[in-house]
Amino acid sequence: MQMRCVRCRMVASILAALAGACGSNGTASRTADGGDAGAQSTGSSGGVASGSSSSSGVTGSSSSSGGQLDATVQGDDSGVGAVDAPAGDSSGGADGKSASDAAGATDGSAGAGNAWTGTWAAAPDGTCSAAAGQTVRSIVHTSIGGSAARVRISNARGNGALHISNVHLAQRTTGSSIDAATDKALTFAGQPDVTVAAGMFALSDGVDFVVKPTSDVAISFFVMTSSGGTCQQNAFQTNYMAAGNMVSSPALNGGQNQNYLYALGLDVQNPAAEGAVVALGASITTGFRAPADTNQRWPNLLAARLVTANRPIGVLNEGISGEGTSNALARFARDVLSQTNVKWVIFSDDPINDLGRSTPAIDIGQMQMMMSMAHAKGVKFLCSTLTPFTPDEPARTTVINFVKSANSGCDGIVDQDSATHDPAMPTMWLPAFNSGDNLHPNAAGMQAIANIVDLTIFK
């Protein structure tokens, strides 16, 4: 059965995103037969935060052209400021309106004065179990390594304040188990807990912690109070919960889930890092149809290639299943430009979800808007061609022709189409790469997409 992801478009959100203050709220759900259901767009708005306002122990930071700009935000939960930051949140929060967190927080001895780079990230796309009174342990797979680490806590989807404490990092061994000898506690402006207002985020202080490239790190924390659980619903990674404060427990014997809750970013200090690349896309980017718990999403596989090539470049997966280009534009400031030391963005599969009810001209126009936003911040915009999906023809081919044209404005091309189509039937999947739904790649197809990326494009 053919399935497709469908996303409602909101033209008003496009115009607002260009102004740096918009959001079109939406969450993608999965149908019973495994497909991506269309998301309902309910609307949300975010603003630009500037000046000095408040958040108890919250540390924020901002990046321009991948450079460093430190800012510490202090006070109560009413907001954050200290640095102007663009807003844009298609998934229900105004996370981008807090200070953009692409650079160093004041964090004492752990790497003071050294550059931070993102090694892992996930995009907030829904509301999951708030887990008050429980320990959450998320297993995240790194891209680059480093000698110190810090965590980003997001309350983008919250309806009220989020209060968490005792955030810990440790090397994961198997399942929910950690290497207790590596366990390290994090603080927020020197405190063991942090309150994050709705629509905001908090950056922890840095801590000396050896992060290995392409390895599993456990982020554990205790949820004291919350109102709505900001999460990435399509983690395709088993994560864990347990009653009570069990953050340093060698293993958790509570429940399991397949989402990332609250902790949506991990940064490292690595003086050799060249920067980070954000993979911005929909279900193909999130790894839909690739085996769970195997880190065979194409951004993970690209990260492994970069490590093998001795290119210390962080790879951040900011995919949201079911979304279209308009929603990618609405969240571009938050989920791309605010990432730590971002230098490149690969815009991937969102147009596939639009072209059934949109037009190539609209999607191309939205891509050009994102290009302008990226270039204004010194970030290179790398355009992907689109993998096969016959109901989108001939619109899909029109978008591909634009991407490959001399006047596209793209800073480089990732030719996902050539990587995955059948040479004998160019609008069809090569059977070896088709997951069976004629829309999503299987694990081999994910590898083919990662392999098609010319690593010299990162310069």
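The values are calculated or read from the model by the stated rules, or taken from the named source; none is laboratory data. Everything numeric here is computed off the predicted structure, so don't read it as measured data. Heads up, the Cβs are rebuilt from the backbone with ideal geometry, glycines too, and the neighbour counts pull from every protein chain shown. Surface areas here come from the heavy atoms of the whole protein model, side chains and all, with no ligands, DNA or RNA. Shrake-Rupley method; radii C 1.70, N 1.55, O 1.52, S 1.80 Å.
Which numbered condition in (1) at pLDDT 50 or above; (2) crowded, with 24+ Cβ neighbours inside 10 Å; (3) under 30 Å from Arg305 (Cα atoms); (4) touching a Ser or Thr at 6+ places or on another chain (Cβ under 8 Å) is the only one that Asp101 fails? Single failed check for Asp101: (1).
Under the condition of being among the aliphatic types (A, V, I, L, M), touching a helix residue (DSSP H, G or I) at 6+ places or on another chain (Cβ under 8 Å) and farther than 17 Å from Asn317 by Cβ, the residues counted in the range 408-451 number 8.
Only residues that are assigned to a loop (DSSP other than H, G, I, E, B) and either open to solvent by 30 Å² or more (accessible area, probe 1.4 Å) or free of Cβ contacts under 8 Å to residues at least 24 places away in the same chain (or both) were counted across the range 217-243, and they come to 3. The set of residues in the range 136-154 that are buried (at least 24 other Cβ atoms within 10 Å of the Cβ), in contact with a Phe, Trp or Tyr (Cβ under 7 Å, 6 or more places away or on another chain), in a strand (DSSP E or B) and not charged (D, E, K, R) comprises Val136, Ser138, Val140, Ala149, Ile153, Ser154. Residues of the range 273-284 that are closer than 20 Å to Thr385 by Cβ and either open to solvent by 30 Å² or more (accessible area, probe 1.4 Å) or of a type in the set (A, V, I, L, M, F, W, C) (or both): Val277, Val278, Ala279, Leu280, Ala282, Ile284. In a residue-by-residue description of the range 342-354, the property of being open to solvent by 10 Å² or more (accessible area, probe 1.4 Å) and either free of Cβ contacts under 8 Å to residues at least 60 places away in the same chain or part of a loop (DSSP other than H, G, I, E, B) (or both) applies to no position. Checking each residue in the range 195-205 for being more than 18 Å from Ile219 (Cβ to Cβ) and either open to solvent by less than 10 Å² (accessible area, probe 1.4 Å) or outside any strand (DSSP E or B) (or both) picks out Ala197, Ala198, Gly199, Met200.
Okay, residues lined up against (1) touching a His at 6+ places or on another chain (Cβ under 9 Å); (2) closer than 17 Å to Gln296 by Cβ:
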| residue | (1), (2) |
| --- | --- |
| Gly409 | yes, no |
| Ile413 | no, no |
| Asp417 | no, no |
| Ala432 | no, yes |
| Gly436 | no, yes |
| Asn442 | no, yes |
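Quick grid of which residues meet (1) free of Cβ contacts under 8 Å to residues at least 24 places away in the same chain; (2) in a strand (DSSP E or B):
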site	(1), (2)
Leu264	no, yes
Phe288	no, no
Ala292	no, no
Gln296	no, no
Leu306	no, no
Asn310	yes, no
Leu316	no, yes
Ser326	no, no
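Looking at Ser226, is it of a type in the set (S, T, N, Q), out of contact with any helix residue (DSSP H, G or I) (no Cβ under 6 Å at 6 or more places or on another chain) and modelled with pLDDT of 95 or more? For Ser226, the condition - of a type in the set (S, T, N, Q), out of contact with any helix residue (DSSP H, G or I) (no Cβ under 6 Å at 6 or more places or on another chain) and modelled with pLDDT of 95 or more - is not met. Answer yes if at least one residue in the range 186-194 is at pLDDT 95 or above, open to solvent by less than 50 Å² (accessible area, probe 1.4 Å) and within 30 Å of Arg311 (Cα to Cα), and no otherwise. The answer is yes; a qualifying residue exists. Scanning the range 244-259 for residues that are assigned to a loop (DSSP other than H, G, I, E, B) and open to solvent by 20 Å² or more (accessible area, probe 1.4 Å) yields Gly244, Asn245, Met246, Ser248, Ser249, Pro250, Ala251, Asn253, Gly254, Gly255, Gln258, Asn259. Is one or more of the residues making up the range 260-271 farther than 22 Å from Ser321 by Cβ and either modelled with pLDDT under 95 or surrounded by fewer than 24 Cβ atoms within 10 Å (Cβ to Cβ) (or both)? Checking the range 260-271: at least one residue is farther than 22 Å from Ser321 by Cβ and either modelled with pLDDT under 95 or surrounded by fewer than 24 Cβ atoms within 10 Å (Cβ to Cβ) (or both). Sort through Gly378, Gly287, Gly319 and tell me the only one that's closer than 29 Å to Gly206 by Cα and open to solvent by less than 20 Å² (accessible area, probe 1.4 Å). Unique residue meeting the criteria: Gly319.
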